[in-house]
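Asks: Attaching a single structure in structure tokens format; questions to follow.
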Amino acid sequence: MLVIYRRVKKQERYLKSYLPNLLVNIVPDYEQTFTDKDIKRITKYWQLALNLVCDNVYKLTGSALSGEEHKRIILLSVFGPLFDDLFDDHILNYEQITSLVTGPEAYLPINKTDKLAKDIYLELLRGIPRRQHFIGHLQAVAHWQQESLKQSDNTITETALQEITYKKSYYAVLLFCALLDNYPDQKILEILYPAAGLMQLTNDAFDVWKDIHKGVYTLPNLYRNLDQLQQLFLAETSAINQRLWQLPYPVKAKQTFAIIIHSLHAMGWMSLEQLKQVTAGVTNIDELKQLSRKELVCDMDSLQQQLKWLRHIRTFTNYVDEE
């Protein structure tokens with residue numbers, strides 16, 4: 001994990017210096033367009049996509065990312081937050097977004113955000129090996145982004161919430177996979193589906209304080225069946241591990257893949273444990289809103305928490321439900 005930490009810090013420095021040169025022809029006013037907050041958001045997208053998905057899948061299968069693949073991953077990490085903003089900030093309606101996705105060359109931008117999104121999208125399409133495959137995945141991402149707007153309605157069912165949670169994350173993962181020269185096979189995709197679902201659940205568990213104050217309803221904050229969510233974590237972890245160990249790759253490669261994937265899931269588990277403690281007796285959203293940010297956000301900075309995290313990673317990496 002120390003190696004991963006050092007890699008992440010090195011990546012942050014690299015991206016900050018690399019982005020201006022990459023985008024010089026697309027965003028001439030780079031420094032005025034991207035704030036430090038924007039760069040931090042882009043970096044988070046990139047690190048998750050690179051470390052948990054693209055590089056992780058390639059190392060499992062014995063491949064190595066090319067320079068062009070690295071460039072595509074970074075471009076999509078710039079595009080992703082812009083695409084999210086088209087929905088979240090209500091910049092475009094769903095029909096306009098669909099028009100941008102399916103026919104970017106003919107799309108006429110209405111403001112700076114969608115113009116920038118279009119320009120980066122076109123740059124991406126010029127370099128990818130499977131254009132229509134990528135567009136199809138982006139259409140799916142747009143669909144589940146649209147469905148996720150239903151998360152502002154507190155009458156949304158638990159079943160609908162779980163489907164949105166899993167699929168909006170899964171298709172975002174597949175979008176990055178579609179950048180690769182070697183697209184994952186079906187057996188790896190069967191691992192990525194539950195892995196992506198747990199990634200989003202982890203994000204939702206960490207964002208309970210933020211989401212309830214923004215009026216966004218998620219499984220951890222609306223239904224609060226935290227024991228049930230922990231059982232879901234264990235069931236999905238077992239399924240991931242069983243499928244992983246059946247793959248015809250070296251043991252060390254499979255172990256490394258599992259450690260990296262479960263490093264995020266272990267954080268989600270810790271956040272659910274904390275939520276169980278602080279929300280005992282909470283019966284509704286209004287009561288949940290009375291809790292402080294410190295109570296609801298799982299702090300990973302202390303040595304004690306980091307050691308606990310390492311123990312959970314090891315448990316998750318080796319977990320298989322014998323039943």
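Asks: When you go through V53, V57, V27, V78 one by one, which is the residue that is at pLDDT 95 or above and over 23 Å from I191 (Cβ atoms)?
Replies: Values: V53 fails: over 23 Å from I191 (Cβ atoms); V57 fails: over 23 Å from I191 (Cβ atoms); V27 fails: at pLDDT 95 or above.
Just one listed residue meets the conditions, V78.
Asks: Kindly indicate the residue of segment 152-174 that is free of Cβ contacts under 8 Å to residues at least 24 places away in the same chain and either touching a Cys at 6+ places or on another chain (Cβ under 7 Å) or of a type in the set (S, T, Y) (or both) and also farthest from G136 (Cα to Cα) among those meeting that condition.
Replies: It comes out as T155.
Residue-wise test of (1) modelled with pLDDT under 95; (2) within 30 Å of D153 (Cβ to Cβ); (3) out of contact with any Pro (no Cβ under 7 Å at 6 or more places or on another chain).
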site: Q231; (1), (2), (3): no, yes, yes
site: A239; (1), (2), (3): no, no, no
site: R243; (1), (2), (3): no, no, yes
site: K254; (1), (2), (3): no, no, yes
site: F257; (1), (2), (3): no, no, yes
site: S271; (1), (2), (3): no, yes, yes
site: L275; (1), (2), (3): no, yes, no
site: S302; (1), (2), (3): yes, no, yes
site: E322; (1), (2), (3): yes, no, yes
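Asks: Go through (1) in contact (Cβ under 8 Å) with a residue 60 or more places away in the chain; (2) among the small types (G, A, S); (3) in contact with a Lys or Arg (Cβ under 9 Å, 6 or more places away or on another chain) for A235 and report which single condition fails.
Replies: Of the numbered conditions (1) in contact (Cβ under 8 Å) with a residue 60 or more places away in the chain; (2) among the small types (G, A, S); (3) in contact with a Lys or Arg (Cβ under 9 Å, 6 or more places away or on another chain), the odd one out for A235 is (3).
Asks: Please list, ordered by residue number, the helices (runs of 4 or more DSSP H) wholly in segment 1-71 having 1 or more residues that are of a type in the set (S, T, N, Q), exposed (fewer than 12 other Cβ atoms within 10 Å of the Cβ) and out of contact with any strand residue (DSSP E or B) (no Cβ under 8 Å at 6 or more places or on another chain). Can you show your working first?
Replies: Details: elements: 2-22, 30-33, 36-47, 55-61.
Fully inside segment 1-71 and qualifying: 2-22, 30-33.
Asks: Another one. Out of segment 142-195, which residues are under 28 Å from N93 (Cβ atoms), in a helix (DSSP H, G or I), small (G, A, S) and open to solvent by less than 60 Å² (accessible area, probe 1.4 Å)?
Replies: Result: A142, S148, A160, S169, A172.
Asks: Which of the helices (runs of 4 or more DSSP H) found entirely inside segment 213-323 contain at least 2 residues meeting this: surrounded by 19 or more Cβ atoms within 10 Å (Cβ to Cβ) and in contact with a helix residue (DSSP H, G or I) (Cβ under 8 Å, 6 or more places away or on another chain)?
Replies: Values: elements: 226-245, 251-278, 285-289, 293-296, 303-318.
Correct list: 226-245, 251-278, 303-318.
Asks: Continuing with this model, one more query. Just to be sure I understand, how many residues within segment 84-111 are part of a helix (DSSP H, G or I) and free of Cβ contacts under 8 Å to residues at least 60 places away in the same chain?
Replies: The first filter runs over segment 84-111 and keeps only residues part of a helix (DSSP H, G or I), leaving 84-88, 94-102.
From the residues that got through so far, the ones that are free of Cβ contacts under 8 Å to residues at least 60 places away in the same chain too are 85-86, 88, 94-102.
The number of residues fulfilling the criteria is 12.
The values are calculated or read from the model by the stated rules, or taken from the named source; none is laboratory data. Everything numeric in this text was worked out from a predicted model, so none of it was measured. All Cβ positions, even for glycine, are placed from backbone atoms using ideal geometry, and neighbour counts span all protein chains on display. Calculation scope for accessible area: heavy atoms of the full protein, side chains included, ligands and nucleic acids excluded. Shrake-Rupley method; radii C 1.70, N 1.55, O 1.52, S 1.80 Å.
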